[in-house]
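J.: Take this structure, written in structure tokens, and hold onto it; I'll ask about it next.
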Amino acid sequence: MGTVVDAPAVVAEEVTENMLGGKKVTVVFVLGGPGSGKGTQCANIVEHFGFTHLSAGDLLRAEIKSGSENGTMIENMIKEGKIVPSEVTIKLLQEAMIKSENDKFLIDGFPRNEENRAAFENVTKISPAFVLFFDCSEEEMERRLLGRNQGRVDDNIETIKKRFKTFVESSLPVIEHYSSKDKVKKVLVNYLARLMLQNQFLRFLKTSKPFLPHMRQRLNRAIQGTP
Ligand SMILES: Nc1ncnc2c1ncn2[C@@H]1O[C@H](COP(=O)(O)OP(=O)(O)OP(=O)(O)O)[C@@H](O)[C@H]1O
Ligand SMILES: Nc1ccn([C@H]2C[C@H](O)[C@@H](COP(=O)(O)O)O2)c(=O)n1
């Protein structure tokens with residue numbers, strides 16, 4: 001698995017072409033846990049690399065809003081942190097790709113499980129040029145989702161915990177599948193933040209070295225209850 005910390009640089013790589021209803025297309029899948037920043041980074045990538053961003057989650061939410069007959073089923077599955085049956089999501093993705101004038105797509109939040117992956121490849125005959133995987137700690141993802149403030153029905157702690165479980169059980173195997181084909185580019189999302197915190201702590205230890213014996217004495221006195 002390749003590892004990068006700068007997502008846009010990866011997209012400049014050579015990509016393969018596929019077919020979609022007579023139209024040649026290039027597809028990059030964007031995967032990662034809930035709240036890892038897929039949507040945010042896709043918006044940055046399209047600005048610089050001419051891709052069209054298709055978010056599976058956004059397409060499903062639009063389907064709910066449109067009042068379609070699948071709307072209630074989709075909404076319930078989203079609230080439960082479950083994955084909507086592939087035929088529904090693939091149909092929406094296919095329609096969006098055919099409608100678009102572009103031939104380069106960043107498909108965000110898809111495939112979310114093995115069923116999504118196999119069905120997409122069977123139906124469209126498209127395999128991705130590569131897969132961007134945003135690798136982020138659950139702690140950071142939870143913090144971000146609880147602060148997202150976009151009125152999403154799944155941004156609550158009960159659904160977030162269920163989504164984490166679904167990600168580990170169903171989505172990680174998809175990433176492992178593409179990893180075994182050497183197609184995954186991993187983006188270490190909070191790696192730099194963690195590195196900076198570590199450096200700050202080391203600097204703190206260095207600057208506080210002369211005070212350490214004094215601090216230790218005070219701690220011992222506090223533990224022993226002596227003034
Ligand atoms: N690098 C970052 N640092 C801090 N906050 C971020 C960062 N990237 C995204 N966020 C914030 O985290 C929240 C989740 O980001 P985003 O919606 O892009 O994640 P996502 O992976 O698409 O989530 P989901 O799978 O739930 O749709 C948003 O409020 C976003 O503004
Ligand atoms: N392939 C997909 C993508 C999304 N969903 C459902 C379940 C997700 O929890 C929800 C939100 O998606 P996001 O905006 O995080 O991409 O939508 C799905 O069932 N199948």
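The values are calculated or read from the model by the stated rules, or taken from the named source; none is laboratory data. These numbers come from a predicted model, not from an experiment. Note: ideal-geometry Cβ built from the backbone for every residue, glycine included; neighbour counts use all protein chains shown. Surface accessibility is based on the protein's heavy atoms, side chains included, excluding ligands, DNA and RNA. Shrake-Rupley method; radii C 1.70, N 1.55, O 1.52, S 1.80 Å.
J.: (1) open to solvent by 80 Å² or more (accessible area, probe 1.4 Å); (2) within 14 Å of ligand 1 (Cβ to nearest atom); (3) touching a strand residue (DSSP E or B) at 6+ places or on another chain (Cβ under 9 Å): which one isn't true of Lys161, the others all being true?
T.: (3)
J.: Which pairs have Cβ atoms under 8 Å, sit 6 or more apart or on different chains, and link a residue in the range 131-157 that is free of Cβ contacts under 8 Å to residues at least 40 places away in the same chain to one that is open to solvent by less than 20 Å² (accessible area, probe 1.4 Å) and of a type in the set (Val, Ile, Thr)?
T.: From residues that are free of Cβ contacts under 8 Å to residues at least 40 places away in the same chain, the pairs are Leu146/Ile160.
J.: Give the range 78-126 a look and list any residue that's acidic (Asp, Glu) and under 20 Å from Gly21 (Cβ atoms), or say none.
T.: If the condition is that a residue be acidic (Asp, Glu) and under 20 Å from Gly21 (Cβ atoms), then Glu87, Glu95, Glu101, Asp103, Glu121 are the ones that fit.
J.: Could I ask something else about it? Somewhere in the range 90-101, is a residue within 13 Å of ligand 1 (Cβ to nearest atom) and in contact with a helix residue (DSSP H, G or I) (Cβ under 7 Å, 6 or more places away or on another chain)?
T.: We begin by selecting, within the range 90-101, every residue within 13 Å of ligand 1 (Cβ to nearest atom); these are none.
Taking every residue of the range 90-101 in turn, none turns out to be within 13 Å of ligand 1 (Cβ to nearest atom) and in contact with a helix residue (DSSP H, G or I) (Cβ under 7 Å, 6 or more places away or on another chain).
J.: Restricting attention to the range 118-157, which residues are among the acidic types (Asp, Glu), within 13 Å of ligand 2 (Cβ to nearest atom) and open to solvent by 40 Å² or more (accessible area, probe 1.4 Å)?
T.: Taking the range 118-157 as the starting set, the residues that turn out to be among the acidic types (Asp, Glu) are 121, 135, 138-140, 142, 154-155.
Okay, now just the ones that are also within 13 Å of ligand 2 (Cβ to nearest atom), so 154-155.
None; the set is empty.
J.: For the range 82-117, how many residues meet the condition of being in contact (Cβ under 8 Å) with a residue 60 or more places away in the chain and either assigned to a loop (DSSP other than H, G, I, E, B) or surrounded by 15 or more Cβ atoms within 10 Å (Cβ to Cβ) (or both)?
T.: Final tally of qualifying residues: 16.
J.: Inside the range 58-94, can you point out the residues that are of a type in the set (S, T, N, Q) and more than 10 Å from ligand 2 (Cβ to nearest atom)?
T.: Within the range 58-94, Ser66, Ser68, Asn70, Thr72, Asn76, Gln94 meet the criteria.
J.: Next up: Might you check whether a residue that is at pLDDT below 95, more than 14 Å from ligand 1 (Cβ to nearest atom) and not acidic (Asp, Glu) occurs anywhere in the range 126-135?
T.: Checked the range 126-135: at least one residue is at pLDDT below 95, more than 14 Å from ligand 1 (Cβ to nearest atom) and not acidic (Asp, Glu).
J.: Which of the numbered conditions does Glu121 fail, given that it passes all the others? Conditions: (1) within 19 Å of the chain's Cα centre (by Cα); (2) not in a loop (DSSP other than H, G, I, E, B).
T.: (1)
J.: Still on this structure, please answer the following. Kindly provide the set of residues from the range 34-57 that are free of Cβ contacts under 8 Å to residues at least 12 places away in the same chain and either near ligand 2 (Cβ under 10 Å from one of its atoms) or touching a strand residue (DSSP E or B) at 6+ places or on another chain (Cβ under 9 Å) (or both), ordered by number.
T.: Within the range 34-57, just Ala43 meets the criteria.
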